[in-house]
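Everything below concerns the one structure shown next.
The values are calculated or read from the model by the stated rules, or taken from the named source; none is laboratory data. Being a predicted model, the structure only gives us computed values, none of them experimental. For neighbour counting, all protein chains shown are included, and Cβ atoms are generated from backbone atoms with ideal geometry for every residue, glycine included.
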Amino acid sequence: MKVLFACSEATPFIKTGGLADVCGSLPIALSKLGVDVRLVLPGYPSIIEQFPEAVETSKLDLLGVDDPVSILKVIYHQGPITLYIVNSPQMFDRQGNPYIDESGNDWPDNALRFGLFSRVVTCLALGFGTPDWRADIVHCHDWQTGLVPALLSLQTDSPPSLFTIHNLAYQGNFPKSEFAALELPEQLWTPDGIEFYDKISFMKAGLVFANKINTVSNNYCAEICTAEYGFGFEGLLRKRVNDLSGIVNGVDYDTWNPATDKLISKPYSETNFSINKPENKRFLQQLVGLPEDPGLPVIGMVGRLVIQKGIDLLIESLPELMTQNLQLIILGVGEKRFHESLLEAKKIYHNKLAVLFEYSEKHAHAIQAGSDMFIMPSRFEPCGLSQIYSLRYGTIPIVRKTGGLADTVFNTTEKRLNDKTATGFVFKQPTPESLIKTVNRALAAYKQPSLWKKLMHTTMTQIFSWETSAKKYRQLYSAIIENK
Ligand code: ADP
Ligand code: GLC
């Protein structure tokens, strides 16, 4: 089975969030199952620099760019997997991140950038530039690749496509003028096509034209068919409900495993966490400049500081939470208003609160290993990976019952503790009151060492392997190819 796997980020090449974790690991897991996966990524500077050995396989003259786009090809060692790099310096050779400039503003030409990327993916899918290889299926991820299914639908004899929704909130909607700039055929500009409230929507293009759609957890799959979580697409998704499914993300346990993690202070596993995890806590407290107190519960948070992640709920809860004996460590980058409120809070609670506004793998791992609890009060969460990492690190998650958080973390009750199915602390209402009540429940449990150890042991032995999820993707690919 030949799969062209198109995405805008993938570890270890380029990462802004969980999308990269998935698009880095899933191809490897598929390849281990014997699937011939070829990954295609935009040629950001970091990728071009990582692969000086990449060879040019073809050049494409495409709309919207002055120079031909060259397709670079390289085999990377894990897998091994073929990577195609879409090298267009005009579109991708810039500082900043894939979507925003150094001041945090969207690149003004994002429609053209990812329009071009989608055109190249479509060409590759049709065999241009890869005469010896023709995809059986194209797997697209999020709005950046949404135009691919639409462009494929305009061709005869094109391979079918699967569109995976990682986050429906980011839709790639642009003014109508971009539709003209992209020189797309008029037939696509209809309410049944890619027009969305008089804008062009890349997400909608994927949702309408892909042969099948999936998202990254079962619960989010059901949620997005409702007005509360559908972000305007609930009607369309309900119409396509027979083509829609959920496959929960897996975890790359080569990267996220406290027994082998090179970024943490002292390795530990489910057999020796009582002895070795405390050193990670001491290291973390020192790293972030909080008092080195082994007895105080430490709550960690790593994530984008945006409304989705419920950072506003956590900020509103601070006055109450900070009356407790605890330490809170937050690592994230996001909206300026949240940075400002956290800086203000830090001035008041400097002995209990640490905030780090940076993107740092080292700190993310240190927080997972050194904290006792990990908080994720998301307002919505398609899957969420950080809480699954924290399970593995015996860092008990405190989460809101939404999306993938509800599928991966199970609330601690007496019955669940006895059944060994309790893996965290879960609350329903997106309110500071609910959050505070649940943190207090976790703190009370923390004071009972034998209960806490039992909980840690259960969480550390939960496995969310990519192998299981990759098999489901393989099955889905087969069904799509057969039904074409
Ligand atoms: P999302 O994709 O919505 O941001 P996920 O939980 O799926 O949320 O994935 C987030 C990923 O990004 C995790 O691997 C997490 O460790 C990482 N991450 C988020 N913010 C930071 C940060 N400031 N520094 C390092 N890693 C981060
Ligand atoms: C998105 C979602 C997150 C999910 C990730 C990977 O960024 O916000 O919940 O885990 O994609 O699928």
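Taking T255 as meeting all but one of (1) crowded, with 17+ Cβ neighbours inside 10 Å; (2) under 30 Å from D136 (Cα atoms); (3) out of contact with any strand residue (DSSP E or B) (no Cβ under 9 Å at 6 or more places or on another chain); (4) among the β-branched types (V, I, T), write down the number of the exception.
Answer for T255: the failing condition is (2).
Could you check the range 1-91 for strands (runs of 3 or more DSSP E) lying wholly inside it with 1 or more residues that are surrounded by fewer than 18 Cβ atoms within 10 Å (Cβ to Cβ)?
Working: elements: 2-6, 36-42, 55-60, 69-76, 81-87.
So the answer is 2-6, 36-42, 55-60, 69-76.
For the subset of the range 1-33 comprising residues that are among the charged types (D, E, K, R) and under 15 Å from the mean Cα position of the chain (by Cα), which member is farthest from ligand 1 (Cβ to nearest atom)? Walk me through it before giving the result.
Residues of the range 1-33 among the charged types (D, E, K, R): 2, 9, 15, 21, 32.
Narrowing the set further to residues that are under 15 Å from the mean Cα position of the chain (by Cα) leaves 9, 15, 21.
Working: E9: 10, K15: 7, D21: 5 Å.
Residue satisfying both the conditions and the ranking: E9.
Scan the range 238-257 for residues that are closer than 20 Å to F380 by Cβ and within 21 Å of the chain's Cα centre (by Cα) and jot them down.
Within the range 238-257, L244, S245, G246, I247, V248, N249 meet the criteria.
Does A444 meet the test of being touching a residue at least 24 places away in the same chain (Cβ under 8 Å) and not β-branched (V, I, T)? First the steps, then the outcome.
Numbers: touching a residue at least 24 places away in the same chain (Cβ under 8 Å): no; not β-branched (V, I, T): yes.
Taking the combined requirement at face value, the residue does not satisfy it.
What do you reckon, is I165 in the same structural domain as G115 (by TED's automatic domain parsing) and within 16 Å of ligand 1 (Cβ to nearest atom)?
Judged against the criteria, I165 is a match.
Quickly run through the range 200-219 and pick out the residues that are closer than 19 Å to F117 by Cβ and in contact with a Pro (Cβ under 6 Å, 6 or more places away or on another chain).
Hits for the range 200-219 are G206, F209, A210.
Kindly indicate which of S465, S469 is surrounded by fewer than 17 Cβ atoms within 10 Å (Cβ to Cβ) and of a type in the set (G, A, S). Give the steps one after another, and end with the answer.
Values: S469 fails: surrounded by fewer than 17 Cβ atoms within 10 Å (Cβ to Cβ).
After applying the criteria, what remains is S465.
For the range 302-336, which residues satisfy the criterion of being touching a Phe, Trp or Tyr at 6+ places or on another chain (Cβ under 9 Å) and among the charged types (D, E, K, R)?
The answer is D312, and nothing else.
Could you tell me which residue of the range 139-177 is farthest from ligand 2 (Cβ to nearest atom), considering only residues that are within 22 Å of E223 (Cβ to Cβ) and surrounded by fewer than 23 Cβ atoms within 10 Å (Cβ to Cβ)?
N173
Report yes if I200 is farther than 11 Å from I165 by Cβ and in contact (Cβ under 8 Å) with a residue 40 or more places away in the chain, otherwise no.
Criteria met by I200.
Any residue at all in the range 115-122 that is out of contact with any helix residue (DSSP H, G or I) (no Cβ under 7 Å at 6 or more places or on another chain) and in the same structural domain as T145 (by TED's automatic domain parsing)?
yes
Could you list all residues from the range 316-354 that are surrounded by fewer than 20 Cβ atoms within 10 Å (Cβ to Cβ) and either of a type in the set (F, W, Y) or under 26 Å from the mean Cα position of the chain (by Cα) (or both)?
Selection gives E316, V333, G334, E335, K336, R337, H339, E340, S341, Y349.
Please list, ordered by residue number, the strands (runs of 3 or more DSSP E) wholly in the range 351-421 having 1 or more residues that are within 25 Å of K454 (Cβ to Cβ) and either in contact with a helix residue (DSSP H, G or I) (Cβ under 8 Å, 6 or more places away or on another chain) or among the basic types (K, R) (or both).
Passing ranges, in order: 373-376, 396-400.
Test V302 against the criterion of being among the hydrophobic types (A, V, I, L, M, F, W, C), closer than 25 Å to I463 by Cα and assigned by TED's automatic domain parsing to the domain that holds Y446, and give yes or no.
When the stated conditions are applied, V302 passes them.
From the list P108, P98, which one is buried (at least 18 other Cβ atoms within 10 Å of the Cβ) and either assigned to a loop (DSSP other than H, G, I, E, B) or in contact with a His (Cβ under 6 Å, 6 or more places away or on another chain) (or both)?
Details: P108 fails: buried (at least 18 other Cβ atoms within 10 Å of the Cβ).
Only one candidate passes the filter, namely P98.
Looking at this structure, is I436 within 20 Å of I463 (Cβ to Cβ) and hydrophobic (A, V, I, L, M, F, W, C)?
Considered against the rule, which asks whether it is within 20 Å of I463 (Cβ to Cβ) and hydrophobic (A, V, I, L, M, F, W, C), I436 comes out as no.
Given R400, R379, which one is surrounded by 24 or more Cβ atoms within 10 Å (Cβ to Cβ), over 23 Å from N257 (Cα atoms), at pLDDT 95 or above and within 18 Å of the chain's Cα centre (by Cα)?
Just one listed residue meets the conditions, R400.
Out of the range 35-63, which residues are without any contact (Cβ under 8 Å) to a residue 24 or more places away in the chain and within 14 Å of P80 (Cβ to Cβ)?
E53
Is it the case that A54 is of a type in the set (A, V, I, L, M, F, W, C) and within 23 Å of the chain's Cα centre (by Cα)?
Spelling it out, it is not the case that A54 is of a type in the set (A, V, I, L, M, F, W, C) and within 23 Å of the chain's Cα centre (by Cα).
When you scan the range 278-299, do you find a residue that is within 16 Å of ligand 1 (Cβ to nearest atom), surrounded by fewer than 19 Cβ atoms within 10 Å (Cβ to Cβ), without any contact (Cβ under 8 Å) to a residue 60 or more places away in the chain and outside the structural domain of Y170 (by TED's automatic domain parsing), even just one?
no
Check S390 against each of (1) over 17 Å from the mean Cα position of the chain (by Cα); (2) crowded, with 20+ Cβ neighbours inside 10 Å and name the one condition it does not meet.
(1)
Go over the candidates E340, E335, E358, E320 one by one and state the one that is of a type in the set (D, E) and touching a residue at least 60 places away in the same chain (Cβ under 8 Å).
Criteria check complete, one pass: E320.
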